[in-house]
Amino acid sequence: MGSDPQYAKWPPLPLAQHVFTITNPYATRPAQQASIKALQDGINEHKMAPLYKYLAHPTEGVLNTAGETTSAVPQKSTGRKPSAAGMVASKSIGGALPWDEEVYNRLKAENDKELEEFQKEEDEAVEQAGETEIMAAKGKRADFFAKIGDKDKAIATYEDVFEKTGILGTKIDLVLAIIRMGLFYGDKALVKKHVARAKTLVDSGGDWDRRNRLKAYEGLHLLTVRSYNLAAPLLLDSLSTFTSYELCTYSNLVVYSVLAGSVSLKRVDFKSKVVDAPEIKAILGADGDDKLLALTGAISAGPGAEDAEMRDAVKDTLSPTAPVKATTAVNLTTLGTGSDQPEAEMAVDFSSLAQLVNSLYSGHYKLFFQALASVEEQFLTQDRYLSEHKNWFIREMRLRAYQQLLQSYRVVGLESMANDFGVTVDFLDRDLAKFIAGGRIPCTIDRVTGKGVIETNRPDDKNKQYQDVVKQGDQLITKLQKYGQAVRLRGSERA
């Protein structure tokens with residue numbers, strides 16, 4: 001059995017979400033004001049002088065527009081740090097966090113005082129204690145740098161501790177702490193490098209808990225780089241064993257898992273791993289008996305489980321008089337436990353997400369488009385990990401719905417399909433044309449006669465295999481010809 005996780009508290013990732021909200025043009029004014037207050041409180045509480053300077057400095061701060069300064073003396077442009085793009089939603093919103101030189105000096109003085117105490121503790125450990133106490137003192141210093149938001153010094157100190165420790169579990173915890181620093185500042189290259197490093201360490205003998213925590217870390221990283229097909233299985237697997245509360249809340253994990261699974265899984269897997277998954281049904285499902293069954297795992301996650309209940313749920317959604325229930329977050333991993341409880345999560349309305357899943361699987365495309373718009377407004381534009389790829393996600397979900405309908409028919413009327421989706425004929429024509437031109441949908445649109453029809457072109461597997469063989473054969477012949485010419489040239493040189 002592995003040791004308890006270490007170095008798992010800092011940096012405070014919710015503050016990075018507040019920074020994003022402050023600069024997010026889609027966020028409401030009250031939400032931005034609340035985020036500014038939460039960010040200021042966090043900076044003062046944790047004495048985060050380096051983060052305060054990184055964000056609000058008049059010449060170097062990422063929350064100020066380029067060139068903006070309170071000084072009359074012209075300042076040399078320092079440029080934006082590479083990670084700023086992953087932390088700030090829009091650079092056009094400047095001065096959201098006011099700069100106060102007196103506050104910064106006070107925070108910096110308190111940081112210096114604490115660092116002196118850490119240095120004194122480390123010196124005493126070197127003189128009077130053993131290697132374990134020395135490493136503990138160094139670890140406190142590393143955590144302190146992470147706490148105040150000093151990215152470079154935190155990573156350097158974590159690396160120093162990593163080099164001098166021989167315990168595998170501690171090494172993995174240190175690498176996970178570095179990954180969180182990268183996530184905090186939106187440094188995708190740093191996160192990618194250390195996720196691969198953590199996987200190597202876990203494969204060399206990591207315990208069960210750290211292996212499962214790494215799934216959530218890797219899944220979230222893959223989400224930020226738009227590898228939803230790779231992120232989906234990792235995030236969905238993390239639902240039943242999630243303990244990485246330092247990374248995100250359980251509510252956020254549910255949202256990430258459902259969205260990644262919806263856009264990337266095949267229909268059969270989508271049914272078993274998202275629509276019928278007990279952990280997801282406990283969050284998105286109805287109240288009462290269904291929720292109790294989902295919480296206990298009694299509901300089968302098999303391909304044909306509870307189809308009748310799914311139809312009933314869709315019927316309720318279709319009813320114009322049926323009230324929409326706001327399903328709040330339920331943390332399955334803390335039921336029946338009494339230790340290491342995470343802080344209470346804010347209530348989240350999952351009704352639009354539930355409607356997205358149910359309508360896509362059941363083929364109610366008008367409701368699906370409405371739910372997709374609600375999900376974009378509620379989740380995609382408001383989350384720092386999802387916002388960057390929201391346009392791609394919306395486009396891929398529309399494509400998935402189009403493909404799902406068209407694969408069932410040989411010929412479909414353009415007007416009939418537009419009515420099914422609740423859009424105009426012209427919009428559907430333009431939208432389908434983009435996917436057809438890109439080879440994403442094998443069909444043609446004929447609007448010359450009548451109101452227009454869509455004719456699907458069934459791909460012939462045998463013909464495709466034949467074309468692939470011909471293409472590969474041509475490439476092989478070309479390579480052989482080039483090789484033959486090179487051999488003849490060498491032979492003439494020898495002659």
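Structural remarks
- Label separation (residue 196 vs residue 109): 4.7 nm, computed from points 7 Å beyond Cα along the C-beta direction.
- Separation in nanometres of the label points that stand 7 Å from Cα toward Cβ, at residue 405 and residue 119: 6.9 nm
- The stretch 134-268, accessible area per residue, ligands and nucleic acids excluded (1.4 Å, Å²): 34 Å²
- Sorting the segments 146-157, 381-392, 403-414, 466-477 by their residues' average number of neighbouring beta-carbon atoms within 10 angstrom, most packed first, yields 146-157, 381-392, 403-414, 466-477.
- Amide hydrogen proximity for residue 413: with H placed 1.01 Å from N in the peptide plane, the residues at 5 or more positions away or on another chain lying under 5 Å are 454.
- Mean Cβ neighbour count within 10 Å, used as a protection proxy, ranking 436-448, 255-267 highest first: 255-267, 436-448
- Members of 47/138; 147/199; 266/471; 53/188 lying beyond 27 Å, as alpha-carbon distances in this model show: 266/471
- Calculated from backbone phi, Karplus (6.51, -1.76, 1.60) coupling profile of the stretch 376-389 in Hz, x at Gly/Pro: 4, 5, 8, 10, 5, 7, 9, 9, 5, 7, 9, 5, 4, 10
- Assuming charge only on the beta carbon of Lys and Arg (+1) and of Asp and Glu (-1), the dipole of the stretch 137-176 about its Cα centre is about 140 debye to the nearest 20.
- Among the protein heavy atoms of the stretch 135-241, carbon and sulfur supply 54% of the accessible surface, probe 1.4 Å, non-protein parts ignored.
- Inter-part distance where the stretch 134-181 and the stretch 208-227 are each reduced to a Cα centre, Å: 20 Å
- Charged-residue dipole, Cβ positions (Lys, Arg, Asp, Glu), the stretch 1-55 about Cα centre, Debye nearest 20: 200 debye
- The calculated FRET efficiency for residue 102 paired with residue 444, based on their beta-carbon distance and R0 = 45 Å, is about 0.05.
- Each label point was placed 7 Å from the Cα along the Cα-to-Cβ direction; for residue 4 and residue 133 their separation is 2.1 nm.
- Close amide H pairs (under 5 Å, H built 1.01 Å from N) link residue 443 with 457, residues at least 5 positions away or on another chain.
- The 1.4 Å probe gives accessible areas that order 349, 426, 209, 203, largest first, as 203, 426, 349, 209.
- Projecting the Cα atoms of 104, 145, 158 onto the charge dipole of the stretch 102-164, computed from C-beta unit charges around the Cα centre, puts 104 farthest toward the positive end.
- For the stretch 97-210, a simple Cβ point-charge model (Lys and Arg +1, Asp and Glu -1, everything else neutral) yields a dipole of about 840 debye relative to the Cα centre.
The values are calculated or read from the model by the stated rules, or taken from the named source; none is laboratory data. Note that the structure is a prediction, hence the values are computed from the model and not measured. Please note: Cβ atoms are built from the backbone with ideal geometry, for glycine as well, and neighbour counts cover all protein chains shown. Note: accessible area is taken over every heavy atom of the protein model, side chains too, but ligands, DNA and RNA are not part of it. Shrake-Rupley method; radii C 1.70, N 1.55, O 1.52, S 1.80 Å.
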